[in-house]
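Trainee: Below you'll find the structure I mean.
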Amino acid sequence: MTANTDLETIERDLLARVGAANDEATLEALRVEALGKQGSISALMKNLGSMSPEERKEFGPKLNGLKDRVTEAIVVKKATLAEAALDAQLKAEAVDVTLPPVKPRSGTIHPVSQVMEELAQIFGEMGFSVEEGPDIETDFNNFTALNFPPKHPARETHDTFFMDAKDERGERKVLRTHTSPVQVRTMLKQKPPIRMICMGRTFRKDSDATHTPMFHQIEGLVIDETSTMADLKSVLIAAIKAYFEVDDVKLRFRPHHFPFTEPSAEVDVGCDRSGGQIKIGAGDDWLEILGSGMVHPNVLANCGIDPEKYQGYAFGMGIDRLAMLKYGMNDLRAFFDADTRWLKHYGFSPYLLPGLAQGVG
Amino acid sequence: MKFTLSWLKEHLATDASLDDIVERMTMTGLEVEGVEDAGAKLGAFTVARIISAAKHPNADKLQVCQVETKLGTLEVVCGAPNARAGLVTAFAPIGAYIPGSGITLEPKPVRGVVSNGMLCSGAELELDTDADGILELDPELKVGTPLAEALHLNDPVVDIEVTPNRPDWLGVHGIARDLAAAGLGKVTTKPILPVPGRFPSPVKVTIENDEACPMFSGRYIRGVKNGPSPAWLQQRLRAVGLRPRSILVDITNFISLDRSRPLHVYDASKLKGAIHARLGREGESFKALDGNVYDVSPTMCVIADDEKVLGLGGIIGGEESGCSEATTDVFLESAYFDSTRTHATGRATGIVSDAQYRFARGVDSGFVVSGLEMATRMVLDLCGGEASEVVIAGEEPAPPKPVTFDPDRVRALAGIDVKPTRVRAVLKDLGFETSAEGQSSKRIVVEPPTWRRDIEGPADLVEEVARIEGFDKMPVLAPPRAAGFRAPPASVGESRTRIGRRATASLGYNEAITWSFTPRAHAQAFGGGGEEMLVANPIASDLDCMRPSALPNLLVAAQRNADRGFDDARLFEAGPAYRDTTQAGQLRTITAAWLARPPRHWRAAPQPDIFDMKRDLVIVLEAIGAPVASLQTSNEVPAHWRPGRAGALRLGNKPVAIFGEIHPRALKAIGVEAPALAFEIFVDALPQPRAKGGRSKPPLEKLDLQPLSRDFAFIVDDAVAAADVVRAAIGADKALIADVSLFDVYRGERMQTGKKSLAIEVTLQPREKTLTDADIEAVSAKVVSAVMKATGGTLRG
């Protein structure tokens, strides 16, 4: 009843229509038409039952082959159409990727804060803890305990701000002129050995390009039975090298006078000023960066520590100045002006944590 | 303190160069502020004399001069109108660099005539002269004399900063002594030859307060002739910035600078009776040499005659009793005034004189009479006259106390090894007497000289030896490393601040540091500004008060940025707020301010408001470990926050943070445009982290059963706080309810006036078994009843 040529014709016709189908609906209709329960191939399959065994033996495999090939062609075509449909959908849903997002919020850390954390890291590595004290201080803590006798000319060099308020001794409170009163507080509450730094706001009645009425200091104090000025020198050299991230920093220790240390030294760092900007770690010039010395026996005694038994050293540096030298700002006043242009330019990403990974510490 | 190199060399024989001297001064503790060597750039120039000047053959305004120079007679072309035969002037040879014009001379013909050098004007040499034409020098000068020498510019001036402990360095002699001890040469100060008295002093002296003035010496000199000082003395004073006045006054100034020994000289004819050193009396006043009239007080030491106050002892003399050209008889004063009182009087009167400066720091108590003798000798030498016997009241103050000293302290304290013999030698060079304490002791007894009242104990002696030996001898050791466990190096508050600072910055705020001061009016607008918080001596009237909060300063700064055209400033500060002047009154805060600009974005974005601040605040609080879930939100806020648009997060009764809008009235008071958003965190109001259990965390609870959620909407009065609904729902079944979040607020047509609908999503976390419908019904009923009970609301149908 059906010749081989008929099957070939059917196959050619179906495959051609599968190839021509350009959407999934057409393809599905075609599948139903050919392979569905009422489909043309299904009808032929049903016919097999009425054939003689010889006919069936010859015709059966051919018909199965036809069915497999058409099924396969439809599956392949379906996958191709699905890909094309997805591509079309994606193309239709494309946006202009150059449009701006909601403006990113980029905040910054003030250089003074960054430098304070760098210093805490550096001195922390050397076993210093961080102590604190208030900005409004007693005259005793700021001066008298530190061996500034009342009415002594040395007090004048500090351009002190006084409060109207008085302390329990009846003396006017002061805005601390240095972070040294934290030494006094620490010695009064803690027995040696003491190994601490403190950082914070300090105040002097002074204002020009390099002085502001408020600035920041770091103070260091070590009290034990054996520390010498050579230890002081060694700690400062290590700290300054770590801070400026250069290995060949030259430091010069010059004798000086501070009421609270004896002997006392000012420390200069070697620098180069030739380019209009100060470069640390090069050149033949010197720049004073800190004051230091062996804690005066009177200071120890004033703070309840036996000067016959204990000794130690102290040092103090301007943090704003250190920040300027390392990061290249040249006007101190801008530090406290809260100009967002300056804060964004000189500020640090909050993710830039001082530490070994960032090169400091 | 300024001095010239030649002045120093009168006291110090040294071959050292100026640079070496300056270097050694620096390393000995004499801080050199500057060296002025005006002659250094004049090295190529010498004195020359014009023999003849003739008109240039090819130029009207030029002359061709024959000039006698140190190189012989040379032909020089000159354009100056004052070039003339016989003029002594400055000559620059070929090759010289002319600083004023920046050129180096070459043998170039000028209009056909070769000029073998140049005759120079003051401007060409950068000298401070206003005359036109070439220099006109003293005709007596020898040809070939270096120009620097001819102009007295060959003596470099050194300016040093003298620390308050070393008044002896306020005299050139004292500087020379330290430099000699430091190995730079030998002290060559000429000895003082006392002048024998010819007659008893007709002026007697008495001391009425020997604490204020322990010693007063003087002598009468008659028959002097005052007038201008000789050139060398004038030059010396001028070089260090003092104006010469008359011989008598210049002598006192000279000795003050040479020996740090202030003196005073009275016109004896103006004195009535004896001279008294006493305390001032109420109502007394005098006209001082500076032309001002000063009232004296009983705390001040005055010098008076029998009738009136003549001056303030050790500070300033009176105009009336001062010397003039007509003075013939004088009374010279060399006294010792108490340093503390002199300092206080200087501050009270505002007088800063060379004498006051020295006495306030303490002069050499052993040099009172020697200074008088030195001055007498100079007066007789320069003004003639005849000196009386010396009159002295009181006595020399006791020398500084001896110090028992173990030379090994130098090593123990300064870390420098110095042999005991060397220790004694250094101290001796500095004027200390040393002797062994005893045969069996290695300690020595050190007697400080009378000019070293700063020496109190062994540490001072260590410094003397160490600085003369050189701080560069201190060895550099390996820096220490922290060993083993150490407690966290910073306090909890400090650590939280560091984290909070970075969290806030990561939310887009720029950290600022603003003054601890604020104008009082601003402080008052932000809950502060009390009398107690005022600075007594502010640097400016708008920095007169300690800030009660960082808010006003940050807001003003944000406005300043906006005024510059940079709006939308988001600033924060991790800094103090001052509530009172005690330590506890200084609060550690993280304060943020945002003058939000209406957002413009191609996708519509809402205007930032209190809830943006609240979100930022909660992020920061969580970062610093605040128990955010336990914080209660309240609408009770200080008066500078906007009522109804600001809230406080409290822990119990303690506010941990405040957020929202700033009150328009407060903004107006500080000149900032509304609206302004802000938050303020009080870091130390947070509870301390738990001490027990260390850093270990509880095991993770990971339940296999899936959570499910149910939504509820309640109709409540408008005044009901959303937080109350959420809290009631959470509390309905603590075992099952894992979370409640509010996701809708509805007010409108479908709602009665004064009512609103709040919708919440309740998340249930089954723990032991899957929940049945009945279980879910039961917990839902609990939620509804808890919310209704707490808020009076009803379930929305």
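Read-outs throughout are calculated quantities, based only on the coordinates presented, and are distinct from any laboratory measurement. Every value quoted in this text rests on a predicted model; they were computed, and no experiment measured them. Note that each Cβ is placed from the backbone with ideal geometry, even for glycine, and that neighbours are counted across all protein chains shown.
Trainee: I need a count of the residues in segment B:146-167 that are surrounded by fewer than 17 Cβ atoms within 10 Å (Cβ to Cβ) and closer than 22 Å to residue B:100 by Cα.
Mentor: Restricting attention to segment B:146-167, the residues satisfying the condition of being surrounded by fewer than 17 Cβ atoms within 10 Å (Cβ to Cβ) are B:149, B:152, B:159, B:161.
With closer than 22 Å to residue B:100 by Cα added as a condition, the list becomes B:149, B:152.
The total comes to 2.
Trainee: Follow-up question, since we're still on this one. Against the condition farther than 30 Å from residue A:233 by Cβ and among the hydrophobic types (A, V, I, L, M, F, W, C), how does residue B:426 come out, does it pass?
Mentor: Working: farther than 30 Å from residue A:233 by Cβ: no; among the hydrophobic types (A, V, I, L, M, F, W, C): yes.
No; evaluated as a whole, the condition is false for this residue.
Trainee: As an exercise: evaluate residue B:315 against (1) buried (at least 24 other Cβ atoms within 10 Å of the Cβ); (2) closer than 27 Å to residue B:386 by Cα; (3) touching a Cys at 6+ places or on another chain (Cβ under 9 Å) and give the number of the one condition it does not meet.
Mentor: Condition (2) is where residue B:315 drops out.
Trainee: Would you be able to tell me the number of residues in segment A:19-76 that are farther than 18 Å from residue A:8 by Cα and under 60 Å from the mean Cα position of the chain (by Cα)?
Mentor: 10
Trainee: Okay, moving on. Yes or no: residue B:782 of a type outside the set (Gly, Ala, Ser), in contact with a Phe, Trp or Tyr (Cβ under 8 Å, 6 or more places away or on another chain) and farther than 13 Å from residue B:709 by Cα?
Mentor: Working: of a type outside the set (Gly, Ala, Ser): yes; in contact with a Phe, Trp or Tyr (Cβ under 8 Å, 6 or more places away or on another chain): no; farther than 13 Å from residue B:709 by Cα: yes.
Considered against the rule, which asks whether it is of a type outside the set (Gly, Ala, Ser), in contact with a Phe, Trp or Tyr (Cβ under 8 Å, 6 or more places away or on another chain) and farther than 13 Å from residue B:709 by Cα, residue B:782 comes out as no.
Trainee: Within segment A:172-183, does at least one residue satisfy the condition of being within 12 Å of another protein chain (Cβ to nearest Cβ) and surrounded by fewer than 20 Cβ atoms within 10 Å (Cβ to Cβ)? Give the steps one after another, and end with the answer.
Mentor: Step one: filter segment A:172-183 for residues within 12 Å of another protein chain (Cβ to nearest Cβ), giving A:172-176, A:181-182.
Remaining after also requiring surrounded by fewer than 20 Cβ atoms within 10 Å (Cβ to Cβ): A:172.
Yes, segment A:172-183 contains a residue that is within 12 Å of another protein chain (Cβ to nearest Cβ) and surrounded by fewer than 20 Cβ atoms within 10 Å (Cβ to Cβ).
Trainee: Suppose we keep only residues that are more than 9 Å from chain B (Cβ to nearest Cβ) and β-branched (Val, Ile, Thr) within segment A:94-139. Which one would you say is farthest from the chain's Cα centre (by Cα)?
Mentor: A:138
Trainee: Turning to a different aspect of this structure: Looking only at segment B:650-682, count how many residues are surrounded by 23 or more Cβ atoms within 10 Å (Cβ to Cβ) and over 19 Å from residue B:562 (Cα atoms).
Mentor: 8
Trainee: Can you report the number of residues in segment A:215-226 which are over 30 Å from residue A:337 (Cβ atoms), surrounded by fewer than 23 Cβ atoms within 10 Å (Cβ to Cβ) and not acidic (Asp, Glu)?
Mentor: Of segment A:215-226, the ones over 30 Å from residue A:337 (Cβ atoms) are A:221-226.
Pick out the ones that are also surrounded by fewer than 23 Cβ atoms within 10 Å (Cβ to Cβ) and you get A:224-226.
Add one more test, that the residue is not acidic (Asp, Glu), and what stays is A:226.
Selection size over segment A:215-226: 1.
Trainee: Check whether at least one residue in segment B:451-464 is more than 8 Å from chain A (Cβ to nearest Cβ) and either surrounded by fewer than 18 Cβ atoms within 10 Å (Cβ to Cβ) or farther than 30 Å from residue B:178 by Cα (or both), and report yes or no.
Mentor: no
Conditions (1) aromatic (Phe, Trp, Tyr); (2) in a strand (DSSP E or B); (3) within 24 Å of the chain's Cα centre (by Cα), marked per residue:
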| site | (1), (2), (3) |
| --- | --- |
| B:537 | no, no, yes |
| B:542 | no, no, yes |
| B:548 | no, no, no |
| B:556 | no, no, no |
| B:562 | no, no, no |
| B:566 | yes, no, no |
| B:575 | no, yes, yes |
| B:581 | no, no, yes |
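Trainee: Please verify whether segment B:627-649 includes one or more residues that are in a loop (DSSP other than H, G, I, E, B), surrounded by 13 or more Cβ atoms within 10 Å (Cβ to Cβ), in contact (Cβ under 8 Å) with a residue 60 or more places away in the chain and touching a Phe, Trp or Tyr at 6+ places or on another chain (Cβ under 6 Å).
Mentor: There is at least one residue in segment B:627-649 that is in a loop (DSSP other than H, G, I, E, B), surrounded by 13 or more Cβ atoms within 10 Å (Cβ to Cβ), in contact (Cβ under 8 Å) with a residue 60 or more places away in the chain and touching a Phe, Trp or Tyr at 6+ places or on another chain (Cβ under 6 Å).
Trainee: Hey, among the residues in segment A:140-158 that are in a loop (DSSP other than H, G, I, E, B) and more than 9 Å from every other protein chain (Cβ to nearest Cβ), which one's surrounded by the fewest Cβ atoms within 10 Å (Cβ to Cβ)?
Mentor: Within segment A:140-158, the first condition is being in a loop (DSSP other than H, G, I, E, B), and the residues that meet it are A:143, A:147-152, A:157-158.
From what is left, the residues that are more than 9 Å from every other protein chain (Cβ to nearest Cβ) are A:143, A:147-148, A:158.
Details: A:143: 28, A:147: 22, A:148: 21, A:158: 19.
Selected residue: A:158.
Trainee: For segment A:275-308, enumerate the residues that are over 26 Å from residue A:238 (Cα atoms) and either without any contact (Cβ under 8 Å) to a residue 40 or more places away in the chain or part of a strand (DSSP E or B) (or both).
Mentor: If the condition is that a residue be over 26 Å from residue A:238 (Cα atoms) and either without any contact (Cβ under 8 Å) to a residue 40 or more places away in the chain or part of a strand (DSSP E or B) (or both), then A:275, A:276, A:297, A:301, A:306, A:307, A:308 are the ones that fit.
Trainee: Okay, next question. Does residue B:504 qualify as being facing chain A (nearest Cβ under 10 Å), touching a strand residue (DSSP E or B) at 6+ places or on another chain (Cβ under 7 Å), not hydrophobic (A, V, I, L, M, F, W, C) and not in a loop (DSSP other than H, G, I, E, B)? Let's see the steps before the verdict.
Mentor: On the way: facing chain A (nearest Cβ under 10 Å): yes; touching a strand residue (DSSP E or B) at 6+ places or on another chain (Cβ under 7 Å): yes; not hydrophobic (A, V, I, L, M, F, W, C): yes; not in a loop (DSSP other than H, G, I, E, B): yes.
So residue B:504 passes the test.
Trainee: Starting from residues that are of a type in the set (Lys, Arg) and touching a helix residue (DSSP H, G or I) at 6+ places or on another chain (Cβ under 8 Å), keep the ones in segment A:156-175 and report whichever is nearest to residue A:215 (Cα to Cα).
Mentor: Initially, segment A:156-175 is screened for residues of a type in the set (Lys, Arg), giving A:166, A:169, A:172-173.
Right, trim to touching a helix residue (DSSP H, G or I) at 6+ places or on another chain (Cβ under 8 Å) and you get A:169, A:172-173.
Details: A:169: 27, A:172: 21, A:173: 19 Å.
Going through the qualifying residues, I end up with A:173.
Trainee: Taking the condition assigned to a loop (DSSP other than H, G, I, E, B), in contact (Cβ under 8 Å) with a residue 24 or more places away in the chain and under 17 Å from residue A:184 (Cα atoms), does residue A:127 pass?
Mentor: Working: assigned to a loop (DSSP other than H, G, I, E, B): yes; in contact (Cβ under 8 Å) with a residue 24 or more places away in the chain: yes; under 17 Å from residue A:184 (Cα atoms): no.
So residue A:127 fails the test.
Trainee: So which residues in segment B:654-670 are of a type in the set (Val, Ile, Thr) and touching a strand residue (DSSP E or B) at 6+ places or on another chain (Cβ under 7 Å)? Quick ask: steps written out before the conclusion?
Mentor: Pass one, segment B:654-670, residues of a type in the set (Val, Ile, Thr): B:656, B:658, B:662, B:670.
If the condition is that a residue be of a type in the set (Val, Ile, Thr) and touching a strand residue (DSSP E or B) at 6+ places or on another chain (Cβ under 7 Å), then B:656, B:658, B:662 are the ones that fit.
Trainee: Looking at (1) away from chain B (no Cβ under 14 Å); (2) at negative phi, find the lone condition where residue A:283 falls short.
Mentor: Of (1) away from chain B (no Cβ under 14 Å); (2) at negative phi, only one is false for residue A:283: (2).
Trainee: Is there a residue being surrounded by 23 or more Cβ atoms within 10 Å (Cβ to Cβ), in contact (Cβ under 8 Å) with a residue 12 or more places away in the chain, hydroxyl-bearing (Ser, Thr, Tyr) and more than 8 Å from every other protein chain (Cβ to nearest Cβ) anywhere in segment B:516-528?
Mentor: Yes.
Trainee: Look through B:723, B:735, B:759, B:691 and report the one residue that is more than 27 Å from residue B:662 (Cα to Cα), touching a residue at least 12 places away in the same chain (Cβ under 8 Å) and not in a strand (DSSP E or B).
Mentor: Details: B:723 fails: more than 27 Å from residue B:662 (Cα to Cα); B:759 fails: not in a strand (DSSP E or B); B:691 fails: touching a residue at least 12 places away in the same chain (Cβ under 8 Å).
Just one listed residue meets the conditions, B:735.
Trainee: Let me ask you something else. If you check every pair at least six apart or on different chains, which have Cβ atoms under 6 Å apart with a residue in segment A:232-251 that is on the phi > 0 side of the Ramachandran plot first and a residue that is crowded, with 20+ Cβ neighbours inside 10 Å second?
Mentor: none
Trainee: Ok, one more. For segment B:245-294, how many residues are more than 25 Å from residue B:349 (Cα to Cα), assigned to a loop (DSSP other than H, G, I, E, B) and not basic (Lys, Arg)?
Mentor: Summing the residues that are more than 25 Å from residue B:349 (Cα to Cα), assigned to a loop (DSSP other than H, G, I, E, B) and not basic (Lys, Arg) in segment B:245-294 gives 3.
Trainee: Something else now. Hey, among the residues in segment B:583-626 that are assigned to a strand (DSSP E or B) and within 11 Å of chain A (Cβ to nearest Cβ), which one's farthest from residue B:647 (Cα to Cα)? Let's see the steps before the verdict.
Mentor: Of segment B:583-626, the ones assigned to a strand (DSSP E or B) are B:586-594.
Right, trim to within 11 Å of chain A (Cβ to nearest Cβ) and you get B:586-588, B:592-594.
Details: B:586: 23, B:587: 19, B:588: 20, B:592: 15, B:593: 15, B:594: 16 Å.
Result: B:586.
Trainee: What number of residues in segment B:495-506 are surrounded by 22 or more Cβ atoms within 10 Å (Cβ to Cβ) and over 31 Å from the mean Cα position of the chain (by Cα)?
Mentor: 5
Trainee: Which count do you get for residues in segment B:201-243 that are in a helix (DSSP H, G or I) and either aliphatic (A, V, I, L, M) or surrounded by fewer than 18 Cβ atoms within 10 Å (Cβ to Cβ) (or both)? Outline the logic, then answer.
Mentor: Within segment B:201-243, the subset in a helix (DSSP H, G or I) is B:231-239.
From what is left, the residues that are either aliphatic (A, V, I, L, M) or surrounded by fewer than 18 Cβ atoms within 10 Å (Cβ to Cβ) (or both) are B:231-235, B:237-239.
Qualifying residue count, segment B:201-243: 8.
Trainee: Follow-up. Would you be able to tell me the number of residues in segment B:108-132 that are over 40 Å from the mean Cα position of the chain (by Cα), more than 19 Å from residue B:68 (Cβ to Cβ) and not basic (Lys, Arg)? If you could, list the steps in order and put the result at the bottom.
Mentor: Narrowing segment B:108-132 to residues over 40 Å from the mean Cα position of the chain (by Cα): B:108-121, B:131-132.
Filter again for more than 19 Å from residue B:68 (Cβ to Cβ), leaving B:108-112, B:121, B:131-132.
So of that shortlist, the ones also not basic (Lys, Arg) come out as B:109-110, B:112, B:121, B:131-132.
Final tally of qualifying residues: 6.
Trainee: Something else: Would you confirm, using the coordinates I've provided, whether residue B:575 is closer than 24 Å to residue A:344 by Cβ and crowded, with 16+ Cβ neighbours inside 10 Å?
Mentor: Details: closer than 24 Å to residue A:344 by Cβ: yes; crowded, with 16+ Cβ neighbours inside 10 Å: yes.
Judged against the criteria, residue B:575 is a match.
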